[in-house]
Amino acid sequence: MAKILRGEPVADAILDEMKIRCGKLAEKGIIPTLVILRVGDKAADIAYERGAAKRCRMIGARVFSIVLPEDATKDEVLAQVERINKDDTIHGCLMFRPLKNRDIESAACRMLDPAKDLDCVTAASLGNVFIGRSDRYAPCTAHACVEMLNYYGYDIKGKRVTVIGASIVVGKPLSVLLVNRSGTVTMCHIDTVNTPHHARDAEILISAAGVAKLVGREYLSPGQVVLDVGINRDENGKLCGDVDYEAAAEIVDAITPVPGGIGAITSAVLMKHLVEAAERETE
Ligand code: NAD
């Protein structure tokens, strides 16, 4: 049976370290401060917001939310982004996406100060991921995959890594993070011919397609480490990943569960980005 790579110990290790770093910042009179900008009342956003707020309190950071109605105008949303940019007491911002109105979303993403962009919503932040600049932040989920591999001791250098999914939120920036760590990366998307072949060939397989149980036996081979980023519902409405977990557990060396895998690390990575942003105030 495959080793189960749980997210919780990874998150705990990150949070323990952030608590110490927050303590050091507090001695200098700095309290990392996160603002969460939410437009609308999506249940998943509210749940994530609660989790992030709890983690802020755990490490000694400050957090507050700005909540706008789903039908907020472009001016109303941008006024809040401007307020966040101008407020020196705010170190970082998490802005939930997607917004119902994509025009407002892209205007808000363009306007946010990249120095406060903790989840890589701005084009400047994405560019910095490409350059490999360490003083800016990758998308938390993509970064969580790297943290997962590091924590469990899987070296990326020289490894054949296949990423299924090429979105701007997960697949593409994740592929770049892996290349920057000297992985040999194949990125698959909906038009890729023979994704199972590319998947089977990988030593590290990461799926972020958002398709329940897409990754079945024909995608898997012995010895693989499999990270499942997908958060989906199966035919019975039960939460599941992209990977057929039972099949994978029989074939591969190690696999992340859903829930309790990558998703459990994402908000801890957000805390890491927040603390790093606050530490920059001391430079
Ligand atoms: P998306 O829909 O924007 O992108 C999906 C990508 O997968 C696309 O590039 C598409 O071409 C590719 N794809 C779809 N079907 C495919 C197939 N059959 N073969 C190969 N490629 C295929 O989704 P996203 O926002 O990138 O999210 C992907 C998944 O990750 C979703 O399930 C989402 O819920 C989950 N997610 C999890 C976290 C977390 O914290 N764990 C965070 C963000 C997203």
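At-a-glance table
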item: Search result, residues across the stretch 156-178 that are surrounded by fewer than 23 Cβ atoms within 10 Å (Cβ to Cβ), free of Cβ contacts under 8 Å to residues at least 40 places away in the same chain and more than 21 Å from ARG97 (Cα to Cα); result: LYS157, GLY158
item: Enumeration of residues in the stretch 1-48 that are closer than 18 Å to PRO98 by Cβ and in contact (Cβ under 8 Å) with a residue 24 or more places away in the chain; result: ILE36, LEU37, ARG38, VAL39, GLY40, ASP41, LYS42, ASP45, TYR48
item: Which listed residue, of ARG21, ARG55, ARG110, ARG6, is open to solvent by 80 Å² or more (accessible area, probe 1.4 Å) and either assigned by TED's automatic domain parsing to the domain that holds ASP244 or part of a helix (DSSP H, G or I) (or both); result: ARG110
item: Pairs with Cβ under 7 Å, 6+ apart, first in the stretch 74-93 and without any contact (Cβ under 8 Å) to a residue 12 or more places away in the chain, second not aromatic (Phe, Trp, Tyr); result: GLU76/LEU68
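Here's the yes/no breakdown for (1) in contact with a strand residue (DSSP E or B) (Cβ under 6 Å, 6 or more places away or on another chain); (2) of a type in the set (Asp, Glu); (3) assigned to a helix (DSSP H, G or I); (4) open to solvent by less than 30 Å² (accessible area, probe 1.4 Å):
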position	(1), (2), (3), (4)
GLU49	yes, yes, yes, yes
LEU78	no, no, yes, no
ARG83	no, no, yes, no
ASP103	no, yes, yes, no
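The values are calculated or read from the model by the stated rules, or taken from the named source; none is laboratory data. For clarity, every value in this text was computed on a predicted model and none was experimentally measured. For neighbour counting, all protein chains shown are included, and Cβ atoms are generated from backbone atoms with ideal geometry for every residue, glycine included. Remember, those area values only see protein heavy atoms, side chains included, never the ligands or the DNA or RNA. Shrake-Rupley method; radii C 1.70, N 1.55, O 1.52, S 1.80 Å.
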